[in-house]
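Each remark here refers to the structure printed beneath this line.
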Amino acid sequence: MAAAPVFLGHPLSLEHDTGPHPEQPARITAIEGELSDRGWLGYERVESPPVSRDVLRRVHPDSYVASIQAVSARGGGHLDLDTVMSARSFDAALHAAGGAVRLVELLLSGAVPTGFSAHRPPGHHACAERAMGFCLFNNIAVAARHAIDGLGVPRVMILDWDVHHGNGTNDIFYASDDVLFISIHQYPLYPGTGRPNEAGTGAGLGYTVNLPVPPGSGDPTYVSLVRDVVAPLARAYEPGLVLLSAGYDAHAEDPLAECHMSDDGFAALARMMRAVCDELGVPLGAVLEGGYALGALGRGVAVTLEALAGSGPGSGSALSADDVPVAAESRAALERLAEFWPAL
Ligand code: OKP
Ligand code: ZN
């Protein structure tokens, strides 16, 4: 029998104590409760190791890591208005990065067909030397860098569908052409970055693709952007690995933003990414970012796991990508991207 897909986590995710805060331990409990109710959808649960300092250092300098460690050592504290740490947060963050790294190792060894790393704290706002937006270490950036520098993958594509711009991942890979970073995010919204003209610099010019959408955007816009922009970019870039910064705060029920995605919309996005990765013969995995409506978060992760594993409702489901018209945002993006991506 083929190996099962993996769901990576660690109990320390529950010990990152943020007090009264939307980014709370109950997020993990909600996800695991939903998955447990669904028999874990055929996924094997794996306990994530802590990231090694050698791997973490590929993104975050030792001085920064030490400064984060020091906050936990003194019992915790605020790093900015909404980024808070407790005594166990540093260790939780080491495992959050470690989960993303282990996921990539398992995918690239061919040992597992797909997987999802579900930890707190999230990562996509964290810059190399700055915590922000609930994030301490940039889990997906550490994993992508490890895939390239440690495991010899030539190119990694990251799709960030969290409703907030993944400014940390954007910045970390801004000058790199070996990571194609694509973010779909509500604009305007925190953190205020991610306009389309942020396209990379130097050798990285054209390898950062920002796809802002207005408040009120929902399934049709997101589905079109993935079908008409993200999937063609994947075909043109031919990555050796595709990673999803999977946040669920674009859901209509989410309290932190004004987008209107549905459960079926997230399923459709994940199915399209599964399909293009199958077409290219490239591994696909996901790393949890945001999502603050607990029910929608649990269901969103569940439908993502189904789609990544190629199970769940297929083409006859509630939302078929073929039914959605080309969004104005997609047309505009294709026009802008023609300069860097003539194959589009
Ligand atoms: C983290 B992730 C104004 C509100 C800031 C921060 C939101 C962080 C979201 N101070 N809110 O991308 O889901
Ligand atoms: Zn978010």
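The values are calculated or read from the model by the stated rules, or taken from the named source; none is laboratory data. Every value quoted in this text rests on a predicted model; they were computed, and no experiment measured them. Counting neighbours? That spans all protein chains shown, and the Cβs are built from the backbone with ideal geometry, glycine included.
On the stretch given as the range 318-344, residues that are of a type in the set (S, T, N, Q) and part of a loop (DSSP other than H, G, I, E, B) total 1.
Residues in the range 195-230 that are of a type outside the set (Val, Ile, Thr) and in contact with a Gly (Cβ under 8 Å, 6 or more places away or on another chain): 9 in all.
Just checking, does the range 235-245 include any residue being more than 22 Å from Phe340 (Cα to Cα), buried (at least 24 other Cβ atoms within 10 Å of the Cβ), touching a strand residue (DSSP E or B) at 6+ places or on another chain (Cβ under 9 Å) and at pLDDT 95 or above? Yes, some residue in the range 235-245 is more than 22 Å from Phe340 (Cα to Cα), buried (at least 24 other Cβ atoms within 10 Å of the Cβ), touching a strand residue (DSSP E or B) at 6+ places or on another chain (Cβ under 9 Å) and at pLDDT 95 or above.
Tell me, which residue of the range 117-136 that is over 13 Å from the mean Cα position of the chain (by Cα) and not aliphatic (A, V, I, L, M) is farthest from Gly204 (Cα to Cα)? Only one residue fits best here, namely Phe134.
Here's the yes/no breakdown for (1) touching a residue at least 60 places away in the same chain (Cβ under 8 Å); (2) not charged (D, E, K, R):
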{"site": "Glu198", "(1), (2)": "no, no"}
{"site": "Gly206", "(1), (2)": "yes, yes"}
{"site": "Val230", "(1), (2)": "yes, yes"}
{"site": "Glu238", "(1), (2)": "yes, no"}
{"site": "Cys277", "(1), (2)": "no, yes"}
{"site": "Val287", "(1), (2)": "yes, yes"}
{"site": "Ala293", "(1), (2)": "no, yes"}
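Yes/no matrix, rows are residues, columns are (1) in contact with a Lys or Arg (Cβ under 8 Å, 6 or more places away or on another chain); (2) within 16 Å of ligand 2 (Cβ to nearest atom); (3) at pLDDT 95 or above:
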residue	(1), (2), (3)
Arg227	no, no, yes
Val230	no, no, yes
Glu253	no, yes, yes
Ser262	no, no, yes
Met273	no, no, yes
Val287	no, yes, yes
Tyr292	yes, yes, yes
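Condition check: closer than 25 Å to Val101 by Cβ, within 16 Å of ligand 1 (Cβ to nearest atom) and among the β-branched types (Val, Ile, Thr). Does Val242 satisfy that? Against the criterion (closer than 25 Å to Val101 by Cβ, within 16 Å of ligand 1 (Cβ to nearest atom) and among the β-branched types (Val, Ile, Thr)), Val242 does not qualify.
Could you check the range 143-248 for helices (runs of 4 or more DSSP H) lying wholly inside it with 1 or more residues that are closer than 17 Å to Ala332 by Cα?
On the way: elements: 167-172, 219-225, 231-237.
In the range 143-248, the matching helices (runs of 4 or more DSSP H) lie at 219-225, 231-237.
Just to check your reading of the model, which residue among Gly192, Gly218 is without any contact (Cβ under 8 Å) to a residue 60 or more places away in the chain, out of contact with any Cys (no Cβ under 6 Å at 6 or more places or on another chain), within 17 Å of Ala268 (Cα to Cα) and surrounded by fewer than 19 Cβ atoms within 10 Å (Cβ to Cβ)? From the options Gly192, Gly218, the qualifying one is Gly218. The set of residues from the range 5-21 being over 17 Å from the mean Cα position of the chain (by Cα), buried (at least 18 other Cβ atoms within 10 Å of the Cβ) and not in a helix (DSSP H, G or I) comprises Pro5, His10, His16, Thr18. Of all residues in the range 161-185, exactly one satisfies the criterion of being in contact with a Phe, Trp or Tyr (Cβ under 7 Å, 6 or more places away or on another chain) and among the acidic types (Asp, Glu), namely Asp177. Kindly establish whether Asp91 is within 21 Å of Gly291 (Cβ to Cβ) and of a type in the set (Asp, Glu). So Asp91 does not fit the description; no.
Checked against (1) under 17 Å from the mean Cα position of the chain (by Cα); (2) among the charged types (D, E, K, R); (3) over 18 Å from Leu284 (Cβ atoms), Arg88 passes all but condition (1).
Those strands (runs of 3 or more DSSP E) of the range 45-131 in which at least 1 residues are in contact (Cβ under 8 Å) with a residue 12 or more places away in the chain and charged (D, E, K, R), considering only elements entirely within it, cover 76-80. If you go through the range 51-81 and keep only what is surrounded by 15 or more Cβ atoms within 10 Å (Cβ to Cβ) and within 16 Å of ligand 1 (Cβ to nearest atom), you end up with just Leu79. For Asn197, the conditions (1) more than 16 Å from ligand 1 (Cβ to nearest atom); (2) closer than 26 Å to Arg274 by Cα all hold with the exception of (2).
Only one entry in Val163, Val153, Val104 is more than 17 Å from the chain's Cα centre (by Cα), β-branched (Val, Ile, Thr) and modelled with pLDDT of 95 or more, namely Val153. For the range 114-161, filtered to residues that are farther than 19 Å from Leu241 by Cβ and of a type in the set (Lys, Arg), the residue that is surrounded by the fewest Cβ atoms within 10 Å (Cβ to Cβ) is Arg130.
Does Ala333 satisfy the criteria of being of a type in the set (A, V, I, L, M, F, W, C), touching a strand residue (DSSP E or B) at 6+ places or on another chain (Cβ under 6 Å) and farther than 17 Å from Gly265 by Cα? Spell out how you get there, then give the answer.
Values: of a type in the set (A, V, I, L, M, F, W, C): yes; touching a strand residue (DSSP E or B) at 6+ places or on another chain (Cβ under 6 Å): yes; farther than 17 Å from Gly265 by Cα: yes.
So Ala333 passes the test.
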